[in-house]
Amino acid sequence: MVLPERLARFNRVVTNRVTKPFADKLPGFGVIVHRGRKSGREFRTPLNVFRTDDGFVVALTYGPDADWVRNVLAAGGAEVITRGRKYRVRDPELVHDESRRPMPPGVRQFLGLVGVTDFLVLKRE
């Protein structure tokens, strides 16, 4: 189960506007900078992002069909801004993992409660 579309709309309109000013500075948060597939317009989407040995992983709480995910996949990469640093990322890979191994333990438990099993893995350049 992914989070409902209603909640996604609310987050786009309200939560994202509130979190954008600090999402690129706090641990566990980040902003992904990507281009629209059709418009070519730049978008900045606040996310929960976690470091891996060679990049980052993002839990797809709204599923793999979210526009930002499709944009990153189509472009083959994006930029991630986290803890005040900007990283170019490449080779986006959708991963389905029912055990939620890519996530830190506390986050893994929360994602289990809401049924998130899809992730986007990004490698740093």
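The values are calculated or read from the model by the stated rules, or taken from the named source; none is laboratory data. Please read all numbers here as calculations on a predicted model, not as lab measurements. Don't worry about glycine lacking a Cβ; one is built from the backbone with ideal geometry, like all the others, and counts go over all protein chains shown. Quick note on the areas: whole protein, heavy atoms, side chains included, nothing else; ligands and nucleic acids left out. Shrake-Rupley method; radii C 1.70, N 1.55, O 1.52, S 1.80 Å.
The dipole here belongs to the range 22-125: it is taken about the Cα centre, uses +1 on the Cβ of Lys and Arg and -1 on the Cβ of Asp and Glu, and is about 420 debye. Among the protein heavy atoms, those of Leu73 account for about 60 Å² of accessible surface (1.4 Å probe, every chain in place). The peptide list 88-95, 24-31, 105-112, put in order of mean Cβ contacts within 10 Å with the highest first, becomes 24-31, 88-95, 105-112. Note on exposure: Asp53, Asp97 ranked by accessible area (1.4 Å probe, complete protein assembly) read Asp53, Asp97, with the most exposed listed first. By the compact-protein rule of thumb, 2.2 N^0.38 Å, the alpha-carbon radius of gyration of the range 19-125 corresponds to a ratio of 1.00.
When the charge dipole of the range 20-117 is built from unit charges on Cβ atoms (+1 for Lys and Arg, -1 for Asp and Glu) and taken about the Cα centre, the candidate among Trp68, Leu94, Leu113 whose Cα reaches farthest toward its positive end is Trp68. Note on exposure: Arg101, Arg44, Arg124 ranked by accessible area (1.4 Å probe, complete protein assembly) read Arg101, Arg44, Arg124, with the most exposed listed first. For the range 73-83, 3J(HN,Hα) computed residue by residue from phi via the Karplus equation (6.51, -1.76, 1.60; θ = phi - 60°) reads 4, 5, 7, x, x, 5, 10, 10, 10, 8, 6 Hz, glycine and proline entered as x.
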